[in-house]
Amino acid sequence: MNVDAIRKDFPELERSIHGERLIYFDNAATSLRPKSVVDAVSSFYLHYNANIHRAIHTLSQEATKAYEEAHQKVARFINASSMEEIVFTRNTTESINLVVFSLFLSEKIREGDGVVISLMEHHSNMVPWQMLRDRFGIKLHVVGLNNDGTLNLNHLKEILDKEENIKVVAIVHASNVLGTVNDVKEIGKLAHEKGAIFVVDGAQSAPHIKIDVKDIDCDFFAFSGHKMLGPTGIGALYGKKDILEELEPFLRGGDMIWEVSLDKVTFNKLPWRYEAGTSNIAGGIGFGAAVDYLEKIGMQNIERHERELASYALSKLNEIDYVRVYGPKERIGVIAFNVMQKNGNILSPEMIASILDRHGIAIRTGCHCAQPLHNDFLHVRGTARASFYLYNTKDEIDKFIEVLKGLKNVV
Ligand code: C6P
């Protein structure tokens, strides 16, 4: 993997921030985009802009073809059987909401039934299920974590053994705070043994790990384009074909219907029955270009590179006695940490981020939309987080460490 060549594809990496070359370590929030993705989006707008699935004219045919090809690319990227199993949404959040509302509308989940999530979930895979609990009496069970930040599989087994009518197990593949990569294959097996639907939040795994939905054997897999070099406002939901066919779409209107009379409606074929209204056509085409780019580099290469960066950064951070890192050793390239002061208090993560920003280094702070994880497991209000991607380097990590070492006099 030629990181120097890759970096040239990302013009933003040439930017200076406060006179220093940008070091972008906020990839878990959103990645940078290569020129090829921006070109694909602008080419649609400049050369064949038209609505899809609605007209016979050449531009509409071209736009339809490109948009459908993007579905095929995304399907291939995660080893789905066909594009019928790929619904484009706005993002992971919308994908999970689609599952929640469609299951409920189709009465696949009712009052008294159970849903299992975990304490390391992002709010996107927690708040929609809480809505089912608070409004419709569904029982929500939360799997705890081991001390090292891995999922407590025994607790999951206990819940599945003890509780009746568990209809859904919905778990994050890779944590956006701890970097933990969950054994989704094993979790899926346990869920299916109990007859539950298995939903995977893949927001932080699809950009960094080779995904094979057939091998995982999940029923749904949700992910976002913008975290994997694609445009914002586009994401996907993979769903097994037979389940998608059985469920009712929750968004209704144009393009998702087959026939409508004043009394009756039948739905379009998959996946379009779940894509109501005019889609984010340009975003979808850009998403396809992002997948092309990632495949050209190779997901295995990307994962290897990032794991190397993560373990390099962890070993350097461990040398700084006032830095506390959260999460297990084995992880994707996400590192949440705090700086401990001599008086036992935590130095404000925002202060660390603004000092790093003065050196051109972008990180994220706060609870990263995982407030229960911070409150009930880490027992801190917030953390600072550095997250890496394919264009990051050990030299950048060295500079980051140097700035953190400079905090010695502040703590
Ligand atoms: N996490 C972060 O900085 P959206 O916003 O819908 O594209 O993705 C939601 C989401 C769902 N699950 C996980 C594990 C995530 O990490 C995210 C997004 C960003 O960590 C923004 S809060």
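Within region 47-54, one or more residues are part of a helix (DSSP H, G or I) and either touching a Leu at 6+ places or on another chain (Cβ under 6 Å) or more than 16 Å from the ligand (Cβ to nearest atom) (or both). Of all residues in region 74-103, those satisfying the criterion of being away from the ligand (no atom under 13 Å from the Cβ) and surrounded by fewer than 21 Cβ atoms within 10 Å (Cβ to Cβ) are Arg76, Asn79, Ser81, Ser82, Met83, Glu84, Phe101.
Taking the criterion of being in a helix (DSSP H, G or I), open to solvent by 80 Å² or more (accessible area, probe 1.4 Å) and either in contact (Cβ under 8 Å) with a residue 12 or more places away in the chain or farther than 30 Å from Lys394 by Cα (or both), the residues of region 5-37 that qualify are Glu12, Lys35.
Scanning region 229-253 for residues that are open to solvent by less than 70 Å² (accessible area, probe 1.4 Å) and under 30 Å from Glu12 (Cβ atoms) turns up Leu229, Gly230, Pro231, Gly233, Ile234, Gly235, Ala236, Leu237, Tyr238. Here Asp26 fulfils each of the conditions (1) in contact with a Lys or Arg (Cβ under 6 Å, 6 or more places away or on another chain); (2) more than 16 Å from the ligand (Cβ to nearest atom); (3) closer than 26 Å to Asn176 by Cβ apart from (2). Within region 298-325, residues that are farther than 18 Å from Glu396 by Cα and in the same structural domain as Phe400 (by TED's automatic domain parsing) have Cβ atoms under 8 Å from residues that are among the polar types (S, T, N, Q) and surrounded by fewer than 16 Cβ atoms within 10 Å (Cβ to Cβ) in these pairs: Tyr322/Gln341; Val325/Asn318, counting only partners at least 6 apart in sequence or on another chain.
Can you tell me which residue among Ile138, Ile78, Ile159, Ile117 is under 30 Å from Phe337 (Cα atoms), of a type in the set (Val, Ile, Thr), assigned by TED's automatic domain parsing to the domain that holds Gly288 and modelled with pLDDT of 95 or more? Spell out how you get there, then give the answer.
Numbers: Ile138 fails: under 30 Å from Phe337 (Cα atoms); Ile78 fails: under 30 Å from Phe337 (Cα atoms); Ile159 fails: under 30 Å from Phe337 (Cα atoms).
That would be Ile117, the only listed residue that is under 30 Å from Phe337 (Cα atoms), of a type in the set (Val, Ile, Thr), assigned by TED's automatic domain parsing to the domain that holds Gly288 and modelled with pLDDT of 95 or more.
Determine, yes or no, whether His359 is open to solvent by 60 Å² or more (accessible area, probe 1.4 Å) and either in contact (Cβ under 8 Å) with a residue 60 or more places away in the chain or under 23 Å from Pro207 (Cα atoms) (or both). Let's see the steps before the verdict.
Numbers: open to solvent by 60 Å² or more (accessible area, probe 1.4 Å): yes; either in contact (Cβ under 8 Å) with a residue 60 or more places away in the chain or under 23 Å from Pro207 (Cα atoms) (or both): yes.
The answer is yes for His359.
Cβ-Cβ contacts under 6 Å between residues 6 or more apart (or on different chains), taken from a first residue in region 76-96 that is more than 20 Å from Lys210 (Cα to Cα) to a second residue that is more than 16 Å from the ligand (Cβ to nearest atom), are listed as Glu84/Lys241; Glu84/Leu270; Glu84/Pro271.
The values are calculated or read from the model by the stated rules, or taken from the named source; none is laboratory data. If you're wondering where the values come from, they're calculated on a predicted model, not measured in any experiment. Note that we place each Cβ from the backbone using ideal geometry, even for glycine, and neighbour counts take in every protein chain shown. These accessible areas exclude ligands, DNA and RNA; they are computed on the full protein's heavy atoms, side chains included. Shrake-Rupley method; radii C 1.70, N 1.55, O 1.52, S 1.80 Å.
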